[in-house]
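This report concerns only the one structure given below.
The values are calculated or read from the model by the stated rules, or taken from the named source; none is laboratory data. Predicted, not measured: the structure shown is a model, and the values here were computed from it. Positions of Cβ are backbone-derived with ideal geometry, glycine not excepted, and every protein chain shown enters the neighbour counts.
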Amino acid sequence: MAFLKNINILPRWVIAALDTTILFYSVIFAYLLRLNFEWSEIGNYYFLESSLFFTFTGVIIMLITRSYQGIVRHTGVKDAFVIARTILFTFLIVALVDFSYEHILNKYSIMPLTVIIIASIISLSLLVFYRLMVKEIFGFAKNKTREFENVVIFGAGEAGMLAHEVLMNDTKINKKVIAFIDDDAKKAGKFLGGSKIYGNIQDLEFLSFKYNVKELIISTQDIPSKRKREIIDECLRLDIHSSIIPPIDEWMSGGLNAGGIREVKIEDLLSRDSISLDSTHVSEELAGKVVLVTGAGGSIGSEIAKQVAHYNPKLLIMLDQAESALYEINHEILSLNLDVDVIAILADIRKVKNLSDIFKKYNPQIVFHAAAYKHVPMMESYPEEAVKCNILGTRNLADLSVEYKAEKFVMISTDKAVNPTNVMGASKRIAEMYVQSLNDFISGMSKGNTKFITTRFGNVLGSNGSVIPLFKRQIEKGGPVTVTHPDITRYFMTIPEACQLVLEAGVMGNGGEIFVFDMGEPVKIVDLARKMIQLSGKKVDQDIKITYSGLRQGEKLYEELLNNEEEVKETHHPKIMIAKVSKVSFEDIHEQLELFNGLLNKSSDVSLVSHMKTIVPEFISNSSRFNFLDSRKEAMTR
C-alpha cells in the first residue's frame, strides 16, 4: 500500500463516477430485495428506466450540493450531512414525480415507493461507507510509518471531545490520544472516542510509564486555578509537557485546529480564580464622568485605562511622559471602537504648571494616579528622581485635585512602602502619608470634598521590568537564570485582577483609607525560575543553570502588606481590606515636603535620603550605600 502515500487527493471525476455508479446499482438492488431476488419478475417493472431516472435525479442534486467535492480522506460529520441531504432531496423529487405521473396524469407508476425508499437507504449507506473506508485506508497508509507522541487529555467533556477530534484528524501533527482523565468519578472506566477515561490525575504516572506519555492537554474550561496548578505540577514532576485549549468559542472562530492549543505559561501557575467585581457600582461611579489616569502608558495605568473605558465615562484622559507607551495604549483603546471620548496627553507630573493647565481645561472628576518610578535599584542610584516623581509629583496631583474639586483621587501604592528598605518604597510611603493627611485636613472644609484613597499591593505578573520577562529572556538565551537569593519570596497578582480591585476599592472608599489586597501565598523566586525552565522543555542544572547574584541595593528577602503596628479591617469584598495605619498631621507632612525643595537644590543624595528616614522612621536601608545613615541614627539615639 505504499503507492497510496503518494496520492494526495482522489480526483473529483473519480468520486463523481463512483457516486453515480452507486446510485444506479442501488435501484437495481432495491428491486431485487423487493422481489426476494426473483429475477424473472423484474421484467414486470420499468427497472432500467427507473434506475436511470433515479440516477439522473441524484446526479443533478449532487451537482447542486457539491457532495462529490469533499476531500474523501478527510470525510467528517459535515460531509455525511451533505450526502444525507442529497439523497433526501433525490428521494423527495423521485417520489413526487412518480406520484404526479400516476395520480395526476393517470399514467403508470415509474417505480414503486418501496423501491425508492430502499434505493435511498442503500445509496446513502454506500456513499458514506466507501468514503469512510477510503479515509481509513489512507489513514492507515499514512500512519504506518509515522511515529506518534502519546497524549492524554484532561477533561472528558465537550471540549475534550473536540480536542480529541482535532488531534486525530490533523495529519500535520503526530499526536495520538491514548486516554482521558476526568475528576468526575462517574465517567471513570468509560470510553470516549475509543480512548479510556481515567478518574484521577495520579493515574497519569501509570499512563506515562505504560504508554510513554509526552503531553497532557487541559481541556476543562472552568477549572479552578488551584486544580490547574496541581495538574501542571504533576506534569512537571513526571517531565510531561502540558498545554491548554482556549475557550471553545475562541477556538472555533480561529478554525478549530491544533495550532489553537497553547503552551502552559508561568502565569497559569501563579494566577488565581477570577474575582467577582461589583460592575454595577463601578459603572455608577464612572459613567458620565471625566476620568484622569496618570502613568497610563505603564502596566497598571494602561490596564486601568482599558477597564475604565468600558464603563462609559464622559471623557477618558490618559497622561504619561513616555511617548511610545502612551501612543500604544491610545491606539489600543481607540481600536476597541467604544462609544467614549479618549484623549492622550504627553505630560510630566513633576511640572505643576502643565498639570494645572490640564486640570483647568478638563476638570477631571475621578483621578487614578498610577504614575511612579518603581524600580528599586534605579531609585537607589537616583533618589532625587524618586522624590521629584513619587513624592512631589503626587503632591502636585493631589493639591490640584482639591483645587479643582475632583470627587475622588485613587493612588496606586506598593507593598514596598511597608517597613521600607529602599528609596522607592520610602518615597511611596511618604506619598501615602501626604494624600491620607490631606484627606483628613480638607474633610468638612470649604476647600472641597475630594476623597483620597490609597491601594497597596505587590508584584503584578508580566509588568514591565518584572522578574518573569527577565527569566523568559534568560531562558531563551540558554541561561543562566539569575536569582538574587535562594530564599527570596514575592507576592504575585495578575494585572487585570489588580486593576479590578483598584476600581472596586475606588468605589467603596470614603476617603482616607489605605486598602490592601489579598495577594494569596508568597512565591519563592527560585521555585518560579525552576518551573519556568521546566515549562520551556529544559532541565534545571542540565540544560539551564540557576545562579545567585546576591540581593540588590535596597532589596528585601520578603515583602509585607502591613507593618508590625498596622492592623486590618475587613470590607464587603473578600479580597480587599483596610489597613489601620498611624495618622500624621497635614501641617507636619506639608512642612517636611517643603524641605525637599531646598534639599534638591543642594544635589545631595545623602541629605535627601536622610530626610526621608526622618519622615519614615521605619525606613532602614538594606544592602545599600545608605546603610551608614541608619548606623549614624542608631548611634545618636544611644
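Which condition number does residue 64 fail, the rest of (1) at pLDDT below 80; (2) under 48 Å from the mean Cα position of the chain (by Cα) being met?
Here residue 64 clears every test but (1).
Of the conditions (1) at pLDDT below 85; (2) crowded, with 20+ Cβ neighbours inside 10 Å; (3) not hydroxyl-bearing (Ser, Thr, Tyr), residue 475 clears all except one; give me its number.
(1) is the only condition that residue 475 fails.
Do we have any residue at all in region 173-195 that's of a type in the set (D, E, K, R), crowded, with 17+ Cβ neighbours inside 10 Å, at pLDDT below 90 and closer than 30 Å to residue 98 by Cβ?
no
Could you grab the pairs with beta carbons closer than 6 Å, sequence gap of 6+ or different chains, first residue in region 207-221 and in contact (Cβ under 8 Å) with a residue 12 or more places away in the chain, second one of a type in the set (D, E, K, R)?
That search, which allows pairs on different chains as well, returns 214/149.
For residue 226, all conditions in the list (1) surrounded by fewer than 18 Cβ atoms within 10 Å (Cβ to Cβ); (2) modelled with pLDDT of 85 or more; (3) over 20 Å from residue 158 (Cβ atoms) hold save one; what is the number of the exception?
Of everything listed in (1) surrounded by fewer than 18 Cβ atoms within 10 Å (Cβ to Cβ); (2) modelled with pLDDT of 85 or more; (3) over 20 Å from residue 158 (Cβ atoms), residue 226 misses just condition (2).
Condition check ((1) part of a helix (DSSP H, G or I); (2) touching an Asp or Glu at 6+ places or on another chain (Cβ under 6 Å); (3) acidic (Asp, Glu); (4) closer than 16 Å to residue 614 by Cβ) across all residues:
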site: 397; (1), (2), (3), (4): yes, no, no, no
site: 406; (1), (2), (3), (4): no, no, no, no
site: 416; (1), (2), (3), (4): yes, no, no, no
site: 421; (1), (2), (3), (4): no, no, no, no
site: 430; (1), (2), (3), (4): yes, no, no, yes
site: 433; (1), (2), (3), (4): yes, no, no, yes
site: 445; (1), (2), (3), (4): no, no, no, no
site: 449; (1), (2), (3), (4): no, no, no, no
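Taking region 93-151 as the search range and keeping residues that are assigned to a loop (DSSP other than H, G, I, E, B) and within 30 Å of residue 209 (Cβ to Cβ), which one is modelled with the highest pLDDT?
Result: 148.
In the list 335, 356, 324, which residue meets the criterion of being under 17 Å from residue 398 (Cβ atoms) and in the same structural domain as residue 397 (by TED's automatic domain parsing)?
Among 335, 356, 324, only 356 is under 17 Å from residue 398 (Cβ atoms) and in the same structural domain as residue 397 (by TED's automatic domain parsing).
Residues that are assigned by TED's automatic domain parsing to the domain that holds residue 432, modelled with pLDDT under 85, surrounded by fewer than 16 Cβ atoms within 10 Å (Cβ to Cβ) and farther than 20 Å from residue 385 by Cβ: does region 602-621 have at least one?
For region 602-621, residues assigned by TED's automatic domain parsing to the domain that holds residue 432, modelled with pLDDT under 85, surrounded by fewer than 16 Cβ atoms within 10 Å (Cβ to Cβ) and farther than 20 Å from residue 385 by Cβ: absent.
Of everything in region 352-378, what is out of contact with any Phe, Trp or Tyr (no Cβ under 8 Å at 6 or more places or on another chain), in contact (Cβ under 8 Å) with a residue 40 or more places away in the chain and more than 21 Å from residue 299 (Cα to Cα)? Give them in sequence order.
352, 355, 356, 358, 362, 365
Does residue 90 fit the bill of being modelled with pLDDT of 75 or more and assigned by TED's automatic domain parsing to the domain that holds residue 125?
yes
Which pairs have Cβ atoms under 7 Å, sit 6 or more apart or on different chains, and link a residue in region 533-555 that is under 19 Å from residue 241 (Cβ atoms) to one that is among the basic types (Lys, Arg)?
Once the first residue is under 19 Å from residue 241 (Cβ atoms) and sits in region 533-555, its partners that are among the basic types (Lys, Arg) give 540/530; 544/538.
Can you tell me which residue within region 311-346, out of those that are in contact with a Ser or Thr (Cβ under 9 Å, 6 or more places away or on another chain) and surrounded by fewer than 18 Cβ atoms within 10 Å (Cβ to Cβ), is nearest to residue 501 (Cα to Cα)?
So, considering only residues that are in contact with a Ser or Thr (Cβ under 9 Å, 6 or more places away or on another chain) and surrounded by fewer than 18 Cβ atoms within 10 Å (Cβ to Cβ), the one nearest to residue 501 (Cα to Cα) is 312.
Rundown of residues vs (1) surrounded by 22 or more Cβ atoms within 10 Å (Cβ to Cβ); (2) touching a helix residue (DSSP H, G or I) at 6+ places or on another chain (Cβ under 9 Å); (3) at pLDDT 90 or above; (4) of a type in the set (S, T, N, Q), yes/no style:
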{"site": "243", "(1), (2), (3), (4)": "no, no, no, yes"}
{"site": "246", "(1), (2), (3), (4)": "no, yes, no, no"}
{"site": "282", "(1), (2), (3), (4)": "no, yes, no, no"}
{"site": "288", "(1), (2), (3), (4)": "no, no, yes, no"}
{"site": "306", "(1), (2), (3), (4)": "no, yes, yes, no"}
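Report yes if residue 338 is in contact with a helix residue (DSSP H, G or I) (Cβ under 7 Å, 6 or more places away or on another chain) and under 27 Å from residue 513 (Cα atoms), otherwise no.
No.
Here is a list: 570, 521. Which entry is of a type in the set (Asp, Glu), over 25 Å from the mean Cα position of the chain (by Cα), within 24 Å of residue 460 (Cα to Cα) and surrounded by fewer than 21 Cβ atoms within 10 Å (Cβ to Cβ)?
Just one listed residue meets the conditions, 570.
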